[in-house]
1. Of all strands (runs of 3 or more DSSP E) completely enclosed by the stretch 47-155, which ones contain at least 1 residues that are within 20 Å of the chain's Cα centre (by Cα) and closer than 27 Å to Ser289 by Cβ?
2. Among (1) open to solvent by less than 60 Å² (accessible area, probe 1.4 Å); (2) out of contact with any strand residue (DSSP E or B) (no Cβ under 6 Å at 6 or more places or on another chain); (3) within 19 Å of Glu291 (Cα to Cα), which single condition is Asp20 missing?
3. Would you list the strands (runs of 3 or more DSSP E) that sit entirely within the stretch 230-278 and hold 2 or more residues that are under 25 Å from the mean Cα position of the chain (by Cα)?
4. So how many residues does the stretch 41-63 have that are of a type in the set (A, V, I, L, M), under 18 Å from Ala16 (Cβ atoms) and touching a residue at least 24 places away in the same chain (Cβ under 8 Å)?
5. Search the stretch 254-269 for residues that are on the phi > 0 side of the Ramachandran plot and pair each with any residue that is open to solvent by less than 50 Å² (accessible area, probe 1.4 Å) when their beta-carbon atoms are under 8 Å apart and the residues are at least 6 apart or on different chains.
6. For the list (1) in contact (Cβ under 8 Å) with a residue 60 or more places away in the chain; (2) within 16 Å of the ligand (Cβ to nearest atom), I need the number of the one condition that Leu136 fails.
7. Across the stretch 23-41, which residue is nearest to the ligand (Cβ to nearest atom) among those that are open to solvent by 60 Å² or more (accessible area, probe 1.4 Å) and in a helix (DSSP H, G or I)?
8. Looking at the stretch 89-102, can you tell me whether even one residue there is more than 16 Å from the ligand (Cβ to nearest atom), touching a strand residue (DSSP E or B) at 6+ places or on another chain (Cβ under 9 Å) and polar (S, T, N, Q)?
Amino acid sequence: MTALRIALVGCGDISAVHLDAIAAHGDAELVAVCDVERSRLTAASQRWDVTPYPGFESMLEAERPDVVHICTPHAQHAAMTTAALRRNVNVLVEKPVATSMADAQEVQRAAEGGSAIVGVCYQNRYNNTSQALRSLIDTGALGALRGGRASVDWFRDNSYYERRPWRGTWAEGGGGVLINQSIHTLDLLQWFLGEVVDVRGQASRLTLDDPVEVEDTASIVLRHRGGAGSIFQATNSYIDNAPVMIELLADRATVRLENDLTVTYTDGQTLFVAADGIATGEKAYWGLSHERLIDDFYRHVRRRRPFWIDPAAAMETLRIVTDVYAQSDLARRRPGRWPGASLDRVAR
Ligand SMILES: NC(=O)c1ccc[n+]([C@@H]2O[C@H](COP(=O)([O-])OP(=O)(O)OC[C@H]3O[C@@H](n4cnc5c(N)ncnc54)[C@H](O)[C@@H]3O)[C@@H](O)[C@H]2O)c1
């Protein structure tokens, strides 16, 4: 059996994690990379000895890969995913699936209309502690879930945005701390507690300065189907990158996930699950589970089975984020949407 032919678009920061995982995978062969920034394109194509393409659609046409990994700025995810699906290319897209619900629905429709599958990169669902907690919930060991709280207290100042200006704009980033950094934790919170039926929240820019447009801080109160309530706080205005915290209150236990998982049952017993690796540096943000998600996605491609973290699953979290933006003064002042005229536009 020949290995899956893989292409990647967006040779920036996160691409290194994808490219390493592809290289280490026994059933994958990287065949092409694409970027509009020539130096990054050349560096990646030379590093991995594959064909460079400055244009995404030209790459798809020429290579007809089995899978394309999309690692570009947020506002391009939806158009690139649908362009690949139209050509029957399976897509692994970085989070978020899109920057608006309308675009995400278009991706979902494109996926439903063809045989190729889409996976969205919420790799923290593959952390051993996340998996352990999810199975405790599924087996009923915790009893009914009553609520929870989560926080992401990190540090990103203006210099972070100067390095990659798109991250600071509504047009290309689609938002700040909510849609970029803390979306993984929001995704886990709703994955554990269930579908969100009511969202009250505010996103504000408290510490970042112009030209950064997007929020650095957000507070959200959520109501889940079945009645559980949760609160979520996220900021890029702390002095350090603190460990992400999720706490759940259930009838039979209190759960705390902060790197490790600690479950304290009402009968006095405790369960401790150590995180199977504490990430440091930039990986403290990315986590260690990209490889697992990529491996699982390729298995689904091989079996022609839909992937479980698909556009519909990703929309559960995107809906919360966009609801908060709709309620926030800062986001209402956002300039026009990114025109998205051509996926093959050349470097600025
Ligand atoms: N899952 C995670 O934990 C995680 C971590 C970091 C980043 N990400 C996501 O990965 C994506 C990329 O983030 P990043 O930090 O690597 O950004 P980045 O700016 O470092 O890289 C993006 C790359 O895309 C290229 N690009 C832009 N427009 C293009 C186009 N039309 N065609 C081809 N290439 C184009 C840019 O030149 C750049 O090299 C984002 O969606 C981000 O949220 C996910």
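The values are calculated or read from the model by the stated rules, or taken from the named source; none is laboratory data. On a predicted model such as this, the values are computed, not experimentally measured, just so you know. Virtual Cβ from ideal backbone geometry, glycine too; neighbours counted across all protein chains shown. Please note that ligands, DNA and RNA were not included when accessible areas were found on the heavy atoms of the full protein model with its side chains. Shrake-Rupley method; radii C 1.70, N 1.55, O 1.52, S 1.80 Å.
1. On the way: elements: 51-53, 67-70, 90-94, 118-121, 145-153.
Qualifying strands (runs of 3 or more DSSP E): 67-70, 90-94, 118-121, 145-153.
2. Condition (1) is where Asp20 drops out.
3. Numbers: elements: 245-250, 253-258, 260-265, 270-273.
Output list reads 245-250, 253-258, 260-265.
4. Our first condition is that a residue be of a type in the set (A, V, I, L, M); within the stretch 41-63, this holds for 41, 43-44, 50, 59-60, 62.
Cutting the leftovers down to under 18 Å from Ala16 (Cβ atoms) gives us 41, 43-44, 50.
Those still in the list that are touching a residue at least 24 places away in the same chain (Cβ under 8 Å) too: 41, 43-44.
Number satisfying all stated conditions: 3.
5. Asn259/Thr129; Asn259/Ala275
6. (2)
7. Keep residues of the stretch 23-41 that are open to solvent by 60 Å² or more (accessible area, probe 1.4 Å), which gives 23-24, 26, 29, 37-40.
Those still in the list that are in a helix (DSSP H, G or I) too: 23-24, 38-40.
Working: Ala23: 17, Ala24: 17, Arg38: 9, Ser39: 9, Arg40: 4 Å.
Out of the qualifying residues, it is Arg40.
8. Within the stretch 89-102, the subset more than 16 Å from the ligand (Cβ to nearest atom) is 90, 101-102.
Now restrict to residues that are touching a strand residue (DSSP E or B) at 6+ places or on another chain (Cβ under 9 Å): 90.
So of that shortlist, the ones also polar (S, T, N, Q) come out as 90.
Yes; the residues of the stretch 89-102 include at least one that is more than 16 Å from the ligand (Cβ to nearest atom), touching a strand residue (DSSP E or B) at 6+ places or on another chain (Cβ under 9 Å) and polar (S, T, N, Q).
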